[in-house]
Amino acid sequence: MKKIIFTENAPAPIGPYNQAVLKGNTLYTSGQIAINPATGELTTETIEAETEQVMQNMKAVLEAAGMSFENVVKTTIFIMDMNDFGKINTVYGSYFNEKTAPARETVQVACLPKNVNVEISMIAIL
Ligand SMILES: C=C(N)C(=O)O
């Protein structure tokens with residue numbers, strides 16, 4: 001049996017998916033984009049601010065499942081421009097201990113929902 005995770009502290013889904021699904025002790029999150037859940041507006045002033053909003057949204061989803069970034073074992077980062085790689089890494093990296101950071105892949109894509117610049121999904125284990 002799977003458990004649907006929902007929190008108002010992260011943006012509501014903008015399509016036919018849930019913020020996250022817990023199956024057993026494994027949490028599969030949907031990709032988060034930089035929608036501010038308080039306003040419904042995108043945070044895209046800078047790539048750093050955008051990445052920070054994405055990570056804050058993800059933090060809320062993890063917490064709604066009783067987890068934190070410590071529980072994350074794998075992430076995927078989708079970006080529009082590989083030139084942003086360093087700036088995104090700086091913000092993303094501030095959420096993890098370098099020695100215990102999750103596995104990850106980063107891919108540049110042609111387009112993302114709402115024309116954002118970064119989307120991140122995660123897998124976490126209790
Ligand atoms: C934002 C998303 N996670 C989506 O559209 O799939």
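The values are calculated or read from the model by the stated rules, or taken from the named source; none is laboratory data. In this text, all values refer to a predicted model and were calculated from it rather than measured experimentally. Cβ placement follows ideal geometry from the backbone for every residue including glycine, while neighbour counts extend to all protein chains displayed. Note: accessible area is taken over every heavy atom of the protein model, side chains too, but ligands, DNA and RNA are not part of it. Shrake-Rupley method; radii C 1.70, N 1.55, O 1.52, S 1.80 Å.
Could you give the length gained on full extension between C111 and T76, defined as 0.36 nm per residue of separation minus the Cα-Cα distance, in nm? Working shown, then result.
Details: separation 35, 0.36 × 35 = 12.60 nm, distance 1.54 nm.
Full-extension gain reported as 11.1 nm.
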Within the accessible area of the stretch 1-66 (1.4 Å probe), percent carbon and sulfur: 51 percent
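In debye to the nearest 20, how big a dipole does the chain give about its Cα centre with +1 on each Lys and Arg Cβ and -1 on each Asp and Glu Cβ?
Working: 9 positive and 13 negative charges, 125 e Å.
The dipole of the chain has a size of about 600 debye.
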Separation of the stretch 58-126 and the stretch 1-25 by C-alpha centroid, Å? 17 Å
Below 25 Å Cα-Cα, how many Lys pairs turn up in the stretch 1-100? Only count pairs eight or more apart in sequence, or on different chains, if you could. 14
Could you state how much accessible area Y95 has, in square angstrom rounded to the nearest 10, with a 1.4 Å probe and all protein chains kept in place? 40 Å²
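Excluding E48 itself, calculate the net charge of residues whose Cβ lies under 10 Å from the Cβ of E48, where each Lys or Arg counts +1 and each Asp or Glu counts -1.
Values: positive: K87; negative: E45, E50, E52, D84.
The answer is -3.
Per residue, how much accessible surface does the chain expose to a 1.4 Å probe? Answer in Å², no decimals.
On the way: 6780 Å² over 126 residues.
With all protein chains present, the chain gives 54 Å² per residue.
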Which residues does a label at A103 reach in the stretch 109-126, if reach means a backbone N under 12 Å from a point 7 Å past the Cα toward the Cβ? 123
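Once you have the alpha carbon radius of gyration of the stretch 8-79, what is it after dividing by 2.2 N^0.38 Å, with N set to its residue count? Before the final figure, lay out the partial values.
Values: Rg = 12.0 Å, N = 72, 2.2 N^0.38 = 11.2 Å.
The reported ratio for this selection is 1.08.
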